[in-house]
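Encoded as structure tokens, the structure appears first; notes follow it.
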Amino acid sequence: MVKVAILGYGVVGSGVAEVLANHLESIAKRAKEEIRIKYILDIRDFPDSPFADRFTKSFDQIVNDPEVQVVAEVMGGLDPAFDYVKRCLLAGKSVVTSNKELVAAKGAELLKIAQEKNVNFLFEASVGGGIPIIRPISQCLAANDVIEIAGILNGTTNFILTKMIREQMSFEDALALAQKLGYAERNPAADIEGHDACRKICILSSLAYGKHVYPEQVHTEGITKITLQDVEYAASWGGVIKLIGQVKKLDDGRIDVVVAPMFIEENSQLANVDDVFNGILVRGDATGDVVFYGKGAGKLPTASAVVADIIDCVKHFKARKYLYWEDGAEQYVLPYEDSVVSMYIRGHAQDVDAAAEKAGDLFGKIRRLYRDGADEQEFAFVTTQEMKVREIQEKVEALQKSGVSVDSMIRVSDL
Ligand code: HSE
């Protein structure tokens, strides 16, 4: 029998306990060992929980107990999760986690310790909730050079955007609903400002290209500035707005990585990934496009991935350290301003036709967009010629100097 500990009894932690308890026999068959929860660490009391006798407030009790061989860290955040995970690994315990903040910030360091201590550090649940994506990239697609990864990586923002697109629901109402359903982070700013998606694309980039990408290196925009007007213009262009995390390998060895809302054509595989679902497209040189789709958030989908990692650890004590990447480097990520893109631009001007003409002079051929109910001073267009973000910014400044107010800019994707 293998004894495990769960650090944190929140949404995911309670799901992990539930899945382990409810699937005791089938898990034992797969792991070839019975897996029992010995401790659950939480600062709160849960006297009515079916696991009431396992709760402890002492991390030391767990880390000093040689009987505990696998620890599931599902607390979230860096402090104290980083310290706890590091100490568990140093104590020779395998660790699994759903904590994307931890893996995105400290992955290289923790993977190194795991390797040195001959234990596993697994984090399938950190990206895509219940969707298998870490193992597929590190194992099944290992023969490929990954050209690009692009994904809808945050369920909460996808849920909000879907409600805005399909039901014209207000941003606030959709966010409140997402929180009620348990999708959002404790602090929803992490979702709506794009930080959660940023952490996930950092993990995928690090995994795919073998070098740690830190969240501070990634240009990150959220969805708080997206309006129903933008949603309508995207529809008139022939698509939808999605929050996308994207990374591309460049010929010079650097990577171009970004998190931003993007116009996605309606026939793209990612355009119909709706609600809390995530969709992740991996473009391999041998496979072409492979798309992973499923529930990217929520108690049981995430718990399912955590428990699968626990089983993997139990089946591979002292073996299988297949996850690894080296530390990052400052110059490794292309500066955002050098990224080459097309852009949707919405603004207003006294004379919209003159403004559109000026935009054409500056950007080359543009495609104007229209929507019902727009007032006479509103206008929108997409650039059709790709150029560096810094050039777009310069041209937007020139447009503004000519008396145009620019209210919104959203990247147009080629996905
Ligand atoms: N808040 C996250 C999301 C949870 O909405 O995707 C899963 O990582």
Of Asn118, Asn154, Asn187, which is the most mobile in a GNM of the chain whose springs link Cα atoms less than 10 angstrom apart?
Asn187
Under 25 Å from the Cα of Lys248, which lysines turn up, not counting those fewer than eight places away in the same chain?
Lys100, Lys106, Lys200, Lys211, Lys295, Lys388
What does the helix-only formula give at 222 nm for the chain: each DSSP H stretch with n ≥ 4 adding -39500 (n - 2.57), the total divided by the residues, and the result rounded to the nearest 500 deg cm²/dmol?
-11000 deg cm²/dmol
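Can you give the percent of C-alpha pairs in the stretch 218-351 whose distance is more than 27 Å?
Values: 3595 of 8911 pairs.
So the portion of pairs separated by more than 27 Å is 40 percent.
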Candidates Leu153, Leu204, Leu181: whichever shows maximal mean-square fluctuation once the chain is modelled as a Gaussian network with Cα springs under 10 Å:
Leu181
Each label sits 7 Å from Cα toward the beta-carbon; between Asn272 and Thr56 the label points are separated, in nm, by 5.1 nm
When the charge dipole of the chain is computed with +1 on Lys and Arg Cβ and -1 on Asp and Glu Cβ about the Cα centre, the Cα farthest towards its positive end, among Ile244, Phe381, Ile37, belongs to Ile37
The chain - Kirkwood radius from inverse mean 1/r over Cα pairs (Å)
22.6 Å
Could you work out how far the C-alpha centroid of the stretch 22-72 sits from that of the stretch 153-199, in angstrom?
32 Å
Order by neighbour count: Phe121, Phe363, fewest other Cβ atoms within 10 Å first, most last.
Phe363, Phe121
Hey, got the dipole for the stretch 282-352? About the Cα centre, +1 on K and R Cβ, -1 on D and E Cβ, debye to the nearest 20?
700 debye
Just Asp309, Asp274, Asp338 to compare: in a GNM of the chain, with alpha carbon springs under 10 Å, which one fluctuates most?
Asp338
For the charge dipole of the stretch 114-179, defined by +1 on Lys and Arg C-beta atoms and -1 on Asp and Glu C-beta atoms about the Cα centroid, which residue among Val119, Gly130, Ala150 has the Cα displaced farthest towards the positive pole?
Val119
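Using the count of nearby Cβ atoms within 10 Å as a rough guide to exposure, how do Asp83, Asp375, Asp42 rank from fewest to most? It would help to have the intermediate numbers written out before the result.
Details: Asp83 11, Asp375 7, Asp42 19.
Placing the least packed residue first, the sequence is Asp375, Asp83, Asp42.
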What does DSSP give for the chain in terms of the percent of beta bridges that are antiparallel, rounded to the nearest 5?
65 percent
Computed on alpha carbon atoms, what radius of gyration and Dmax characterise the stretch 103-261, expressed in Å?
16.9, 56
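Of Lys32/Lys93; Lys3/Lys32; Lys112/Lys299, which ones are farther than 22 Å apart at the Cα?
On the way: Lys32/Lys93 19 Å; Lys3/Lys32 14 Å; Lys112/Lys299 29 Å.
Over 22 Å apart, Cα to Cα: Lys112/Lys299.
How high is the relative contact order of the stretch 3-154, in percent, with contacts defined as C-alpha pairs under 8 Å that are six or more residues apart? Please report the intermediate quantities before stating the final value.
Details: 209 pairs, mean separation 28.6, N = 152.
Relative contact order for the stretch 3-154 comes out at 19 percent.
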Magnitude of the Cβ-charge dipole (Lys and Arg +1, Asp and Glu -1) of the chain about the Cα centre, nearest 20 debye, reported as 1660 debye
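Bear in mind these aren't lab numbers, they're just calculated from the coordinates by the rules spelled out. None of these values were measured; they are calculated from a predicted model. All Cβ positions, even for glycine, are placed from backbone atoms using ideal geometry, and neighbour counts span all protein chains on display.
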